[in-house]
Amino acid sequence: MTEFVATVVRGLGNGSIYALLALGFVIVYKSMRVISFAQPAFMMAGALLVGYLVMSMNFFLAVLVALLLTALLGAGVERLALRPMIGKPVFVIAIITLGVDIVIRTVVNAFIGLDIRQMGDPWGLKQVDVLGAKIDQRHLATLVTTLIVVAALFAFYRWSRTGLAMRAASSDQEVALAQGVSVGRVFSLSWALAAALAGLAGVFLSTGIGLEQNLWLTALKALPVIILGGLDSLGGAVVAGLSIGIVEALVGSYGDNLHPVFGGDFFLVVPYLLMLLVLLVRPYGLFGTREVERI
């Protein structure tokens, strides 16, 4: 039982990281109807900034400053690289985001170097007892922080004027413009939020184990998450992220007991298998909006 509890909490911790990344994908998609492939770069940039800032200030203050700088980077990318592409085919914009990802990651990797950069986080690899199970403090910190961020994000979208404007623009840009909503401002804010969420995911991904160049590959697991939850569903991104994290952890811990084929590194492909199954049954995701087009 204690091992099961530890496995589930570890899955929730990893799933929280997937959820933060997926939320960024969904926010950009809802505003521009394009998938941003720049999320891995923002994730690495946010973690790198914390790694440098923590040498001269408190860890938590370093995280706040790094997230602000990462948000500004996201808004700058939207204004300089994507705003001129409005009206172009979605495929073209998606390819541009891929190019942005490569450029930013190349610069970030140059600063990271070949060594693992420590984040200076207060929990590291420390553990705490939960129901008799040894739980990494970093997983608990990731889960709690993610829940707080998600609650704040949902409150922002539901009750703030800016959040309502973003919802209006994502629903119908022409109607939003007619009502005085600045769609360009919505685009910039969407990219800033997505970049900050990715940066926060990068910080928690790097805590305990450190930041290294190949860590960006973890961001790819956010793609099955948004397919599972739905490209336009914020709640779906959270539920799918946590679910995939738990399933991945359970298969990694108990896969050998089920069948030898599920042992080893099989847990790494679990998110993509779930994505394929969902695509076969519900191409728009479990919580996504089903689109009906008249011919």
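The values are calculated or read from the model by the stated rules, or taken from the named source; none is laboratory data. All values reported here derive from a predicted model rather than from experimental measurement. In this analysis, Cβ positions are derived from the backbone assuming ideal geometry, glycine residues included, and neighbour counts consider all displayed protein chains. The accessibility values were calculated without ligands, DNA or RNA, using every heavy atom of the protein model including side chains. Shrake-Rupley method; radii C 1.70, N 1.55, O 1.52, S 1.80 Å.
Just a few scattered comments:
- Pair list, Cβ < 7 Å and 6+ apart or interchain, from segment 16-30 residues that are within 12 Å of Leu242 (Cβ to Cβ) to residues that are among the acidic types (Asp, Glu) and open to solvent by less than 10 Å² (accessible area, probe 1.4 Å): none
- Only one of the listed residues (Arg33, Arg10) is open to solvent by 50 Å² or more (accessible area, probe 1.4 Å) and on the phi > 0 side of the Ramachandran plot. That residue is Arg33.
- Selection status of Gly99, small (Gly, Ala, Ser) and open to solvent by 50 Å² or more (accessible area, probe 1.4 Å): no
- Within segment 103-131, considering residues that are part of a helix (DSSP H, G or I) and open to solvent by 90 Å² or more (accessible area, probe 1.4 Å), the one nearest to Gly51 (Cα to Cα): Phe111
- Positions within segment 169-216 being open to solvent by 30 Å² or more (accessible area, probe 1.4 Å) and in contact (Cβ under 8 Å) with a residue 60 or more places away in the chain, in sequence order: Leu189, Leu193, Ile209, Glu212, Gln213, Trp216
- Of the helices (runs of 4 or more DSSP H) lying entirely inside segment 184-295, those carrying at least 1 residues that are at pLDDT 85 or above, aromatic (Phe, Trp, Tyr) and more than 26 Å from Ile116 (Cα to Cα) are 270-281.
- Criterion violated by Ala75 - all others in (1) within 20 Å of Arg167 (Cα to Cα); (2) in contact with a Pro (Cβ under 8 Å, 6 or more places away or on another chain) satisfied: (2)
- Listed by first and then second residue, the pairs with beta-carbon distance under 7 Å, at least 6 apart or on different chains, first residue in segment 127-151 and among the aromatic types (Phe, Trp, Tyr), second part of a helix (DSSP H, G or I), form an empty list.
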